[in-house]
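Right, one structure below, let's go through it.
The values are calculated or read from the model by the stated rules, or taken from the named source; none is laboratory data. All of these numbers come straight from a predicted model, not from anything done at the bench. Neighbour counts run over all protein chains shown; Cβ positions are idealised from the backbone, glycine included. Heavy atoms of the whole protein, side chains included, go into the accessibility calculation; ligands, DNA and RNA do not. Shrake-Rupley method; radii C 1.70, N 1.55, O 1.52, S 1.80 Å.
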Amino acid sequence: MSDATLSAAQDNEQWGAGLVAFVQHDANTLRDNLTRLRRQDVQVHSGGIQAASRWCELNLPPQVLLVDLDDEALPLPEMETLLAICGPTTRVIALGHAQDITLYRALLQLGVTDYLVKPCTLDLISATLAKCEGGLTGPEYARMGRTVAVLGASGGVGISTVAMGLARLMSRERHLPTALVDFDRRQGDQLLLLGMNDDAGLNAVLSSAQLDARLLHRAMLQVDNRLHLLAQKPDLQPQSAVESETVLNLGGALCRMFNQVCWDLPAYFPEGALDVARHADLRILVTGLTLQDARNVKRIMEAIGDESEGQRLLLVHNQSRFSGPSPLSRSQFETLAGHRIDLELPHAGHSLTQSLSMGPLELAASAPFQQHMRQLVDLACGSRPQPEKKPWLRGLLKRA
């Protein structure tokens, strides 16, 4: 497609709507994601390639067209017909569940701008639309890793436990190359939670004049085949100052090495922590249901920005502080904080603490907590959380 810049008048002549989407089964999910990106005016229709072709025959072709390939028997010839109807001014993004490299290459050869495998994360949708609209090009768009920032409304809400559990499940169950960064340089917990005692290189990396993959590989501790840790031993002495640019450069280097980069950001927000949260693809804000946390949640969200640039924000209530009722109800808290809670993690009692006394923290010590952490991973990866399977239901299925 030509990259020539069209004038506003030419745009109006050649394009109708800015963005139109045709999806088979996920219309509400797509609408929700587009609303988060402040694209409420997008037309989202039900159907696939044939429905998109009929619509384009009756309307001016849009600037960007999202089309669902699921349930299409012959997607390639039908896509070729659609592209002919739209003309070269429309950028077409295909969506589908099939992870087929042959299909992907064939679509690109036809002239499709990109093919996204569902479920699509918010940051992936945002980056793809920005690419179509000229906002992202070259190596910046090609960056593969995602930054996940885990931060808390206050100390003691379980930031480190959530960050560790997220990284563990991503590496063990999702089989994703994952880096875990413990950015608490004074009294970080990740070495303890993972049952390790060696220095994990954070101080050396932040002090280095030049970052490269070899230095990072040597500095980080390998937890398992797919999980690496970057941290430093707790030290109550004053830490050397670090510039925000250095921290962001570190994040960029890690994203070129790992699929997922999880940051454990302490509640006192040392220099560079807020910058990581502002630039992260996904922000997970852990909170309790207290008046102080509601106030802090509102302040933190104002500081790190909203979701309009494709940076998803998940508000997670961790019931770690209270085994009984919290000071505020969920509805009271959501009203005060100005944001709904996306997920609740159950109180784990002493199960996790007892597992930690015998070695690395094991989420399996509290089955309900582990199941809800899996739901958080689903949300982080763009999937719908899977409900917990009841033991009696499994028995019925086996007998059936």
Problem - Hz values of 3J(HN,Hα) by residue in segment 223-232 - Karplus curve (6.51, -1.76, 1.60), Gly and Pro given as x - result: 7, 8, 4, 10, 10, 10, 10, 10, 7, 9
Exercise for the section: Please list the non-local residues whose amide H lies under 5 Å from the amide H of L313, H modeled 1.01 Å from N, same-chain partners needing a gap of 5 or more. Expected result: R283
Completion exercise
For segment 69-217, the per residue accessible area (1.4 Å probe, Å²) is 44
Problem - Within the chain, percent of DSSP bridges classed antiparallel, to nearest 5 - result: 5
Fill in the blank from the handout: With Q237 itself left out, Lys, Arg at +1 and Asp, Glu at -1 over residues whose Cβ is under 13 Å from its Cβ give +2
Practice task
Please find, in a Gaussian network model of the chain (springs between Cα atoms separated by less than 10 Å), the residue of N225, N318, N33 whose mean-square fluctuation is greatest.
Solution key: N225
Exercise for the section: Among the aspartates and glutamates, select those whose C-alpha is under 15 Å from the C-alpha of K233, and discard any that sit fewer than 8 residues away in the same chain. Expected result: D182, D184, D189, D198, D199, D264
Practice task
Using a 1.4 Å probe and ignoring any ligands, DNA or RNA, find the accessible area of R321 and quote it in Å² to the nearest 10.
Solution key: 90
Fill in the blank from the handout: For L116, other-chain or 5+-apart residues with amide H closer than 5 Å (H placed, Pro excluded) are A94, L95, G96
Problem - Charge context of V247, other residues only, Cβ under 12 angstrom, K/R +1, D/E -1 - result: -2
Practice task
Quick one: what are the phi-derived ³J(HN,Hα) couplings along segment 61-69, Karplus 6.51/-1.76/1.60 with θ = phi - 60°, whole Hz, x for glycine and proline?
Solution key: x, x, 5, 10, 10, 9, 10, 8, 8
Fill in the blank from the handout: Check: C-alpha center segment 27-58 vs C-alpha center segment 74-116, spacing in Å is 16
Completion exercise
Heavy-atom accessible area of H317, protein chains in place, probe 1.4 angstrom, given in Å² to nearest 10, is 10
Practice task
Could you run the Karplus curve 6.51 cos²θ - 1.76 cosθ + 1.60 with θ = phi - 60° over segment 246-260 and give me ³J(HN,Hα) per residue in whole Hz, x for Gly and Pro?
Solution key: 5, 5, 5, 5, 4, x, x, 5, 5, 5, 7, 10, 10, 6, 10
Problem - Choice from D378, D41, D199 with maximal GNM fluctuation in the chain (Cα, 10 Å cutoff) - result: D41
Exercise for the section: Could you tell me what percent of the accessible area of segment 136-243 is made up of carbon and sulfur, with a 1.4 Å probe and every protein chain present? Expected result: 49
Handout entry: Residue-averaged [θ]222 nm for the chain, counting only DSSP H segments that reach four residues, each worth -39500 (n - 2.57)
Key = -12000 deg cm²/dmol
Exercise for the section: Could you state how much accessible area H175 has, in square angstrom rounded to the nearest 10, with a 1.4 Å probe and all protein chains kept in place? Expected result: 110
